[in-house]
1. Tell me the net charge near Phe110. Cut-off is 15 Å between Cβ atoms, Phe110 excluded, with +1 for each Lys or Arg and -1 for each Asp or Glu.
2. Provide the gained length on full extension for the span Thr241 to Val80, in nm with one decimal, where the gain is 0.36 nm per separating residue minus the Cα-Cα distance.
3. What does the C-alpha gyration tensor say about the overall shape of the range 114-194? Classify as rounded when a/c is under 1.5, otherwise prolate if a/b is larger than b/c, or oblate.
4. Chymotrypsin sites (Phe, Trp or Tyr not before Pro) within the range 192-291: which are DSSP loop residues with at most 12 other Cβ atoms inside 10 Å?
5. Could you run the Debye sum over the Cα atoms of the chain, one equal point scatterer each and no solvent, and tell me log10 of I(q)/I(0) at q = 0.08, 0.11 Å⁻¹, two decimals?
6. Could you give me the ³J(HN,Hα) list for the range 69-84, computed from phi with Karplus coefficients 6.51, -1.76, 1.60 and θ = phi - 60°, whole Hz, x at Gly and Pro?
7. For the chain, the longest stretch holding no trypsin sites (Lys or Arg not before Pro) located in a DSSP loop with at most 10 other Cβ atoms within 10 Å is which?
8. Using the Karplus curve 6.51 cos²θ - 1.76 cosθ + 1.60 with θ = phi - 60°, work out ³J(HN,Hα) for each residue of the range 33-43 in order, rounded to whole Hz, and write x for Gly and Pro.
Amino acid sequence: MKSVITFNEDLAVIHAYLCADGYLCKRSKRNRWYRFGLRNTNFTLLKDYQKRVKQYFGVEPHITDGRCDFTCKSAYSFLVKNFKSFHSYEWLFPKQMPRKYYAIWLRTFFDCEAWITKIKGKDRSVSLECVNEKGMIEIKKVLKKLGIRSTLNKRQTRNVFILKIYERKNISKYQKIINFLHPEKKENLQKSIDTFVNYSWKFPKNTKLLKNFVKEKMIEKTIIDKFGRIRFCSNRKVNLTKLSNYLKKFYLIKSKVSKARHNGIGTKYYELSIEQKKEVQKVVDNELIAN
């Protein structure tokens, strides 16, 4: 059995499981035993823990009633010697762990402790809650090293700290770099990302499809104001610039794109306008506006 630490992916995963939902127990009376294991209701995680322990320590734990554990003094002593405590208030992110295992450690911890919010237009986030302030501060720092921004706050009513990953770019980075092994959480993460509206238009490369795309966008979004001018708004200038270019290419329609503007609540947007009567008529003649 191991006595000197050799850090690999299996040990990183075992360590994270024990920090999250794990336990180490030692009976101090006669017939001493030294047990460590994982409590979790998800069978996928229990099987993963079982596999990792077998690969690292050479002994296969048993899975029964929402837990996976076994008794082994040398493995127990190895963990205590190298990592001290796995108690809820005392565990620490392993400083001796190489950077290449950061993501797998985080995935394992989040598999056990995280939840995903997916309320379209209101709240999309990946969140953790834990009583270990120092451990949560370390997780926030590690996420930052991986390019993922998060917030950490203490709940007002309890001595509990909540970490949240929000905004599409951060949640998407989390998915790309870390993700989940937990099947339901993995699915919910994708659903959360899917609730974000993609404001950047994907213009087809095929000429026929591109022309149809331009026509559909015009019919969908175009309005004529009381002065007979056509207005088309978007919060992405590149969308309108490309649209303006293709209107000229396919229909010989001249248009212009404004500089940044702001509405009554301060949201930035851009406007494509077609003002000359003969250009507006081209829009009508080519059926680029809804009846």
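1. -1
2. Length gained between Thr241 and Val80: 51.8 nm.
3. prolate
4. Those satisfying the criteria are Tyr199, Phe227.
5. Summing over Cα pairs of the chain leads to -0.54, -0.75.
6. 8, 7, 9, 7, 5, 5, 5, 4, 5, 4, 5, 5, 4, 8, 10, 6
7. Between exposed loop sites, the widest span is 33-94.
8. 9, 10, 10, 9, x, 10, 9, 6, 8, 8, 5
Values in this text are rule-based calculations from the coordinates and carry no lab data. As the structure is a computational prediction, the values presented were derived from the model and not from experiment. With ideal geometry, Cβ positions are generated from the backbone for all residues, glycine too; neighbour counts draw on all protein chains shown.
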